[in-house]
Amino acid sequence: ETDSAPHKIYYAASIERYFALTGTSVYISGDGITWVQCFGLDGIYAVRDITEDNNNNVYITTDRGVYKLDETDPLGEYLNFEQTTQMDAFTSNAFAIWNDRNSIVVSGENELFSTINEGSTWEVFSEIETDEIVWQIIEESSGYVFALTNNSVWRKHIDATVFEAIASLNSSLARKIQIFDGRIWISSDAGLLISTSGYNIYTDPIVLFEKSIPAINFSHKDVPITSLNATSSSIIIGTDAKVFSGNSTANVSIIFGETSPIIPSVFVDYEMQSIGFTYYTVTNTVRFDRSLSHDSTVTVANQYKTYRARNKGWVDGRYDANLNVYKNGVLLADVTGEDVNVVASLLSVEFDDFTEFDSNTVKATDDQETFNEKVGLLVAEQDNGTDELQPYVSDCLDAYNVVYSNVHGRVRFASVEEIDGESFVIFEYQKVPLDLYPQILSEYEIVPDIPDVLASDTDGEVSVNAVNGFFSFFDSYNKYDFLTINLLNSSLEGDWDNTHREIDNQLQLINSGLPLSLAETHETNMLKMGLFFERLWPGEQEEFDECFLPMTSTTNLNYNLVSDNDWYDVLNSTVDYKEEIVQDNLGFIFRHPTSVLYVGESDIVLVGNETGVISISTVDYSFEILNFNGYKEEFVRDIKSYDNDLYILTDDNLYKSSDSGVSWSREELPGLSGKYFQLVQFRGLFVISTDNGAYYKSSVSGYWERTLIHTEVRLLHSDTYL
């Protein structure tokens, strides 16, 4: 049994031995059945790649540099690795390794190195001009060599002196590259990428890639590929809990798969990871191929039946809010709040017994009485038939929280959930068995949360808790099912990105007002600094002051208080807006528009958002979700019109319409990498900004060139300033 999951099996023909690479160790075998762990690798975090040279030496790359296996024990077995000299003065990380006939080439953090004396000395290898990590280098029987970074492919003939970039991948992470059936196959976080049929991978200057094997995907989603190998007659593809094989892109089928597997989801700082790690269910360990920051938080989800909104529930926003739940884009359940009775829930609240040791007893007791008064008022309003009870519910919740604000010490709110017959304490982002939480969370004093406010759909597919944001589904799903939940006419506690103060400051900067910190002290400023605020509009002051000198206005800002719908800059604007129509039941929710474009030829307004595009008719104000990508959810960054063509730019794709938005096609973008932000046209050039820099080209089709800047570019200014 190995210490962690093996990620590579290698056969060294020169010494007739098999090697298995795991996270921290290397195992050797003469027959592939009996394995022995090699020595000399103490303190290694990540064993990454392996090769052999022409002198029967075997090399591995690790996070601590390159190690060479060239010693034998008395029985003649190869067991001991020794570290070679360090390649890079700044880091010991080593990644891809390749036997370049008379030298060994290794990829470091920022550049490549080579040695001709078995690792005694290293020189910079300048044949690949990239500052990205090269994850794999393979030499093909045709005499061509291919190198892979996270988002690009490089190629050269073995007799050439430099590599050339031949492809830009629509991926953020890529790890494995193979040549099979005359095409390039790559494992990436965007799924299995295969060079497009019709391109000559050996001679064409640009090679495009596509995703062309839907059989390997779960729930119609592109599944990250974790392993990739090729033999003379077949390609072998590994995903979570499944292995596929075939002799062509049209003939790939599953050869191994676990029955109803629970595939873990791995998160780093609450961001889901796709590739670049291995998990080992035997020992319940996760190992990454890169070292994480010392303060990173790693979490693992190993069930897909119970979910929780990150920012708790919505009981204080609208306890009886309706919800739509979609599974893989298909409506699964409608949950209505009509049958929810929050009064009964609040009546069952029982407070802890406070003591002088842990609280302000007198204050806590007074606040409990206030809470009971608020609950009594809520009950009375419900008995009187009041339709809108939310303000009274919110008052009760505020009073409840005030009670526990009197408790001193490190206090946290928790709730108890029953999952598959077992009780758990839900504490922030942790799920702890009820009988273990006092030991695990001993540094905190856990206080009870508001009792459950529950609702469910009529078919029993899901039960929701408006207090803690829990969703309990009748069926268990898998890692690649995607659930979309629309919370109607409410919001989650602590949701969104900015505080009221931050928004207030930004809005005041927009109209040149004082920031909040100054506005709060303007009375003091007036006294100490002599600031003078006119109460009359500019132009309404007297022409002369009391000394008969010309009056010079010191007014530096004016505000109009909003009192009705006629608010829009009525003093200066030449355009006034009025409310034409209200659509309350949209059937979908998005936080805010990301881009808006009026298309006069079709009398529509296209509104982009974080899930897609809405098309609104300017004739009757009807709306529909625009099918520009098969209704796949994508974050829309920009919508533009150039040369009678429409463009929709998302995080990862560019779509084009030449018929005023009736039909759309996805554009190939060779050369582009990173997440896209904005599209502009400037002096005959198209420019796209990304988190990897700015790219340009003369037309939408063809290869995109990166500008000299390699840092993130989010905003492209107008043509006037470019």
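The values are calculated or read from the model by the stated rules, or taken from the named source; none is laboratory data. Quick caveat, the model's predicted, so the values are computed rather than measured. Methodologically, a virtual Cβ is constructed for each residue, glycine included, from the backbone with ideal geometry; neighbour enumeration extends over all protein chains shown.
So is residue 245 at pLDDT 90 or above, within 17 Å of the chain's Cα centre (by Cα) and not basic (Lys, Arg) or not?
Judged against the criteria, residue 245 is not a match.
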Entirely in region 10-110, the strands (runs of 3 or more DSSP E) that have 2 or more residues that are aliphatic (A, V, I, L, M) and more than 25 Å from residue 163 (Cα to Cα): 17-21, 26-29
Filter region 586-601 down to residues that are in contact (Cβ under 8 Å) with a residue 12 or more places away in the chain, over 25 Å from residue 321 (Cα atoms) and surrounded by fewer than 16 Cβ atoms within 10 Å (Cβ to Cβ), then give me how many there are. 3
Which residue, of 182, 198, 191, is in contact with a Pro (Cβ under 9 Å, 6 or more places away or on another chain) and on the phi > 0 side of the Ramachandran plot? 191
Please find, among 315, 349, the residue that is in contact with a helix residue (DSSP H, G or I) (Cβ under 9 Å, 6 or more places away or on another chain), of a type in the set (A, V, I, L, M) and closer than 18 Å to residue 470 by Cβ. 315
Considering only region 134-192, give the strands (runs of 3 or more DSSP E) lying wholly within it that have at least 2 residues that are closer than 19 Å to residue 104 by Cβ. 136-139, 144-148, 152-157
Scanning region 289-329 for residues that are basic (Lys, Arg) and surrounded by fewer than 18 Cβ atoms within 10 Å (Cβ to Cβ), which turns out nearest to the chain's Cα centre (by Cα)? 310
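From 275, 235, 263, 225, which residue is closer than 22 Å to residue 174 by Cα, buried (at least 18 other Cβ atoms within 10 Å of the Cβ), among the aliphatic types (A, V, I, L, M) and over 24 Å from the mean Cα position of the chain (by Cα)?
235
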Within region 631-656, restricting to residues that are over 20 Å from the mean Cα position of the chain (by Cα) and among the basic types (Lys, Arg), the one that is nearest to residue 170 (Cα to Cα) is 656
Would you confirm whether or not region 47-68 contains a residue that is at pLDDT below 90, surrounded by fewer than 21 Cβ atoms within 10 Å (Cβ to Cβ), in contact with a Phe, Trp or Tyr (Cβ under 7 Å, 6 or more places away or on another chain) and in the same structural domain as residue 176 (by TED's automatic domain parsing)? no
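Counting only residues that are hydrophobic (A, V, I, L, M, F, W, C) and within 38 Å of the chain's Cα centre (by Cα), which one in region 42-61 is farthest from residue 139 (Cα to Cα)? Spell out how you get there, then give the answer.
Initially, region 42-61 is screened for residues hydrophobic (A, V, I, L, M, F, W, C), giving 44, 46-47, 50, 58, 60.
From the residues that got through so far, the ones that are within 38 Å of the chain's Cα centre (by Cα) too are 44, 46-47, 50, 60.
Details: 44: 28, 46: 24, 47: 21, 50: 14, 60: 17 Å.
It comes out as 44.
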Members of region 450-478 that are within 24 Å of the chain's Cα centre (by Cα), surrounded by 16 or more Cβ atoms within 10 Å (Cβ to Cβ) and modelled with pLDDT under 85: 468
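Return a yes/no flag: does region 148-162 have any residue that is of a type in the set (Val, Ile, Thr), within 20 Å of residue 277 (Cα to Cα), in contact with a Gly (Cβ under 7 Å, 6 or more places away or on another chain) and in contact (Cβ under 8 Å) with a residue 40 or more places away in the chain.
no
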Please state which one of 352, 387 is at pLDDT below 85 and surrounded by fewer than 13 Cβ atoms within 10 Å (Cβ to Cβ). 387
Testing residue 28 on (1) of a type in the set (A, V, I, L, M, F, W, C); (2) over 14 Å from residue 80 (Cα atoms); (3) crowded, with 18+ Cβ neighbours inside 10 Å, one condition comes back false. Which one is that? (2)
Can we say residue 106 is in the same structural domain as residue 139 (by TED's automatic domain parsing), crowded, with 17+ Cβ neighbours inside 10 Å, at pLDDT 95 or above and of a type outside the set (Lys, Arg)? yes
Qualifying residues in region 268-324 (those that are without any contact (Cβ under 8 Å) to a residue 24 or more places away in the chain and acidic (Asp, Glu)) - the one nearest to residue 226 (Cα to Cα): 271
In the set 302, 284, 322, which member is out of contact with any Phe, Trp or Tyr (no Cβ under 9 Å at 6 or more places or on another chain) and either among the hydrophobic types (A, V, I, L, M, F, W, C) or at positive phi (or both)? 284
Checking residue 339 against (1) surrounded by fewer than 15 Cβ atoms within 10 Å (Cβ to Cβ); (2) modelled with pLDDT of 85 or more; (3) closer than 28 Å to residue 476 by Cα, which test does it fail? (2)
Kindly indicate which of 159, 131, 189 is more than 18 Å from residue 61 (Cα to Cα), modelled with pLDDT of 90 or more, surrounded by fewer than 22 Cβ atoms within 10 Å (Cβ to Cβ) and not hydrophobic (A, V, I, L, M, F, W, C). 159
Being surrounded by 15 or more Cβ atoms within 10 Å (Cβ to Cβ), more than 14 Å from residue 59 (Cα to Cα) and out of contact with any strand residue (DSSP E or B) (no Cβ under 6 Å at 6 or more places or on another chain) is the filter here, so list the residues in region 81-103 that pass it. 88, 93
Please go through region 193-204 and pick out each residue that is in a loop (DSSP other than H, G, I, E, B) and over 17 Å from residue 142 (Cα atoms). 196, 197, 198
With the requirement that a residue be assigned to a loop (DSSP other than H, G, I, E, B) and surrounded by fewer than 20 Cβ atoms within 10 Å (Cβ to Cβ), what does region 654-663 give you? 658, 659, 660, 662, 663
Go through region 602-648 and tell me which strands (runs of 3 or more DSSP E), entirely inside it, have 2 or more residues that are touching a residue at least 12 places away in the same chain (Cβ under 8 Å) and within 15 Å of residue 666 (Cα to Cα). 636-642
